[in-house]
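The values are calculated or read from the model by the stated rules, or taken from the named source; none is laboratory data. What you are looking at is a predicted structure, and each value in this text was computed from that prediction instead of being measured. Here Cβ is always computed from backbone atoms with ideal geometry, including for glycine, and neighbour counts include all displayed protein chains. For the accessible areas, the whole protein counts, side chains as well, though only heavy atoms, and no ligand, DNA or RNA atoms are used. Shrake-Rupley method; radii C 1.70, N 1.55, O 1.52, S 1.80 Å.
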Amino acid sequence: MTAFRSNALLKFRTPRVSEPPKAKPLLNLNLNAQNYVDARMIKTGFDPNICRSNFLVKNFLKRGELSQARILFDQMPHKNTVSTNMMISSYVNSGNLYEARELLDTMLDRTAVTWTILIGGYSQASQYREAFKLYAEMHRWGTKPDYVTFATLLSGCSDMETTKQVVQVHSHILKLGYHSTLMVCNSLLDSYCKSHRLDLACRLFKEMPERDNVTFNALITGYSKDGLNEEAINLFAQMQNLGYKPSEFTFAALLCAGIGLYDIAFGQQVHGFVVKTNFVWNVFVGNALLDFYSKHDCSVEVRKLFDEMPELDGISYNVIITSYVWDGHFKMSLDLFRELQLTKYDRKQFPYATMLSIASNTLNLNMGQQIHSQAIVATADSEIQVGNSLVDMYAKCGRFEEAKRIFARLADRSAVPWTAIISAYVQNGLHVEALELFNEMRRANVSPDQATFASILRASANLASLSLGKQLHSSVIRLGFASNVFAGSALLDMYAKCGSMKDALQTFQEMPKRNLVCWNALISAYAQNGDGEGTLRSFEQMVQSGFEPDSVSFLSVLTACSHCGLVEEGLQYFNSLNRNCKIVPKREHYASMVDMLCRSGRFNEAEKLMAQMPFEPDEIMWSSVLNSCKIHKNQELAERAADRLFNMVDLRDAAAYVNMSNIYAATGQWESVGKVKRAMRDRGVRKVTAYSWVEINHKTHVFTVKDTSHPQSGKIMRKIDELTKEMEKEGYKPDTSCALHNEDDEIKAESLKYHSERLAIVFALISTPEGSPIVVMKNLRACTDCHAAIKVMTKIVGREITVRDSSRFHHFRDGLCSCGDFW
């Protein structure tokens, strides 16, 4: 106590040793201390009451009781910056940016920390525009940003549309002297890379006075994500030479570059380096290796690495599950997903989108609804990728209303969900509806991407609308997708399906880059148009160009061999497919072989093949047998094939009943015809109405048999009668066996000349200039009489007439057909 007294007081009165100390000097000391504390409180703004309240608010927030913390906060008579910053930070962490912004707007004293907290919230939520707006407001408010503000603002930039704002922030960094601060420069470099401005990123990299491994990692990642894979690897070598140690992010970027180069050996070298540098224990690096091997179709290596990884997380499961889905191993994916559900990993991060893709591909609505329920429970249904996958799943399963309902709730309606619904419409044969939705997408100012064009071009191809296809081709060029292999392949396919092989070939020749998809599109185009020689030639050219054929390539070749009667060639290619250990023949390949053998009348070989194949013959195979039995008049086998078809639970349509009825009718067995028709009625199966359509002056005209509904019906009928007389002079005689009714031949011949494809052809003849080609589409197979009649027509009118029926293209010219009458 005496230590606090003044020297003067000690000289004036020295107390006795035995005298108790006086209380008055202590009271003076307390008064002095209180005055000192009051002075500090005034000077610093410290208030013990606010401090105690802040402590209580902080405790509530630590326990996650945000609402209780807010009640106490609102009851505080006085608050300071710390109070409000705590609340803003908590609202940001809970994702409630609205309340955080409301609190900031009430503050009069806003520090750089206050602004930075909310800027960080917008950046984390990928609301980059709002983050930059808030930074601009901070600038107008007069608050000077610090290096943390810049690092926070730039950390989340991954949108190309924010490049302009990043450049402006760069100028502020220079002005305020933070251009030599490593953290700020690294964040700026990362922002340029993520916004795909590698030119600015490289310039900044060269100008940086100081660099670390984070600097190199940012640019290596930027290179690899922009496809500059060799530059990424060269920069890594430079990083090593300068002595910078790699981190887990370095390896992830390198493996990404390896995926882009499709270089399995390089990835294996990186894997060895990972082991050598002891990063194999790092789950982030392990996941990058899993992703690398999965994207090189190394499913065995993926599983081995997954089982050997010392640590797993939710991403590890996501990668391997996705890998199995890509390989078509749906059961393994489901087993791993069930295993994942037993873990304690964040359920919101489960691969719901991947699992929904299984439901989409297998049209398993029940499974899709179960995954949807799980996503709702985990609050993952609001994630963009999950939402898009839900739209895709419901649309592909034919639940369009549900798909539209989810689509309407999506926060981000990009081209992806639009394309999902358009694609589903196309897959379900709703081509007109797909086109209407595409127009609605354009009206909503959503730019289509290459996947959108690939889907809508399929709709155009199936409608055989060449004029629409050409309009879409113009849009593809205008939007810069002409060099995209998928858009280019879709264009090629569209032209081929519209019967314009000239345009299809030109599209192929103009492709700046060609991959296996492009070659397959060309091979398929020749096959669809019944050009066996062109199909085999393009297949061999593809092999000579260094591309290894896949199952799709072989399927097109076998289809062409089937349609053109190239049986020996087809057998050779099928045997080579069997010898190729990388490709296992699928059901479609066997179906093509059965069709090829049956068309050629080699029924014994076809039955032997069906007995040897690893699965039961399906509806398509038995239908091929039945169709060929009709051609070759093999009634015994036809009855066996029909019996198999009639006993199928999921028979798709009436084709089997119609064909068997026609076989009986052709031999005059009208009683048997009646039995088949009764069986068909009892099962509730209805015959599909035959119709044909033709496009004239950008308008599609549809005709059915004996159709008199067209405005120019009178002219069409008169032209048919006129043509029939000229055809008879050329030696045409109606094949009345195609008119399968128990009537006399004269009535049968009269009915044949009003088949839908003939009405469409005649309408085109009277509506288009002489000499111009005609393209007609039909939903079912053309009959043999119409085939013979159209050959004669081309001799009389001097035009090329193309008919695409449900089976193939027929190009008629000068009395001949491209199929060589083998169809």
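Figures for the structure shown
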| read-out | value |
| --- | --- |
| Selection from the range 301-325 of residues that are over 20 Å from the mean Cα position of the chain (by Cα) and either surrounded by 23 or more Cβ atoms within 10 Å (Cβ to Cβ) or of a type in the set (Lys, Arg) (or both) | VAL302, ARG303, LYS304, TYR317 |
| Scope the range 801-818; condition in contact with a helix residue (DSSP H, G or I) (Cβ under 7 Å, 6 or more places away or on another chain) and part of a loop (DSSP other than H, G, I, E, B); matching residues | ARG808, ASP814, GLY815 |
| Residues that are open to solvent by 10 Å² or more (accessible area, probe 1.4 Å), among the hydrophobic types (A, V, I, L, M, F, W, C) and within 38 Å of the chain's Cα centre (by Cα), drawn from the range 756-777 | VAL775 |
| Residues of the range 577-612 classified as open to solvent by 40 Å² or more (accessible area, probe 1.4 Å) and not in a loop (DSSP other than H, G, I, E, B), total | 10 |
| Options SER195, SER171, SER123; residue that is of a type in the set (Ser, Thr, Tyr) and closer than 24 Å to CYS256 by Cα | SER195 |
| Scan of the range 212-253 for residues that are open to solvent by 70 Å² or more (accessible area, probe 1.4 Å) and either touching a Cys at 6+ places or on another chain (Cβ under 8 Å) or not in a helix (DSSP H, G or I) (or both), ordered by number | LYS225, LEU242, LYS245 |
| Qualifying residue in the range 42-50 (condition: under 30 Å from THR379 (Cβ atoms) and either touching a His at 6+ places or on another chain (Cβ under 9 Å) or at pLDDT 50 or above (or both)) | no |
| Selection count where residues are in a loop (DSSP other than H, G, I, E, B) and open to solvent by less than 30 Å² (accessible area, probe 1.4 Å), scope the range 354-396 | 2 |
| Single match in ASP335, ASP291 (criterion: under 28 Å from ARG347 (Cα atoms), free of Cβ contacts under 8 Å to residues at least 24 places away in the same chain and part of a helix (DSSP H, G or I)) | ASP335 |
| ASP531 open to solvent by 10 Å² or more (accessible area, probe 1.4 Å), farther than 19 Å from LEU437 by Cβ and touching a residue at least 60 places away in the same chain (Cβ under 8 Å) | yes |
| Residue check, VAL552 farther than 27 Å from ALA641 by Cα, in a helix (DSSP H, G or I) and within 29 Å of the chain's Cα centre (by Cα) | yes |
| Filtered residues of the range 71-93 (kept if of a type in the set (Ser, Thr, Tyr) and either closer than 12 Å to ASN49 by Cβ or surrounded by 16 or more Cβ atoms within 10 Å (Cβ to Cβ) (or both)) | SER83, THR84, SER89, SER90, TYR91 |
| Of the criteria (1) open to solvent by 40 Å² or more (accessible area, probe 1.4 Å); (2) free of Cβ contacts under 8 Å to residues at least 24 places away in the same chain, which one LYS194 fails | (2) |
| Filter pass, GLY565 being of a type in the set (Gly, Ala, Ser), touching a residue at least 40 places away in the same chain (Cβ under 8 Å) and open to solvent by 10 Å² or more (accessible area, probe 1.4 Å) | yes |
| First in the range 406-421 and modelled with pLDDT under 85 and surrounded by fewer than 17 Cβ atoms within 10 Å (Cβ to Cβ), second anywhere and aliphatic (A, V, I, L, M) and assigned to a helix (DSSP H, G or I), Cβ under 7 Å, 6 or more apart | ASP412/ILE384 |
| Residues of the range 336-353 satisfying the condition of being of a type outside the set (A, V, I, L, M) and either open to solvent by 80 Å² or more (accessible area, probe 1.4 Å) or more than 18 Å from GLN369 (Cα to Cα) (or both) | ARG338, GLU339, THR343, LYS344, TYR345, ASP346, ARG347, GLN349 |
| Criterion (charged (D, E, K, R) and assigned to a loop (DSSP other than H, G, I, E, B)) met by exactly one of ARG413, ARG405 | ARG413 |
| Residue satisfying condition, being open to solvent by less than 20 Å² (accessible area, probe 1.4 Å) and among the aromatic types (Phe, Trp, Tyr), within set PHE574, PHE615 | PHE574 |
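A quick yes/no check of all residues on (1) out of contact with any strand residue (DSSP E or B) (no Cβ under 6 Å at 6 or more places or on another chain); (2) part of a helix (DSSP H, G or I):
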residue	(1), (2)
ALA641	yes, yes
ARG644	yes, yes
LEU651	yes, no
SER661	yes, yes
TYR664	yes, yes
MET680	yes, yes
VAL688	yes, no
GLU695	yes, no
THR700	no, no
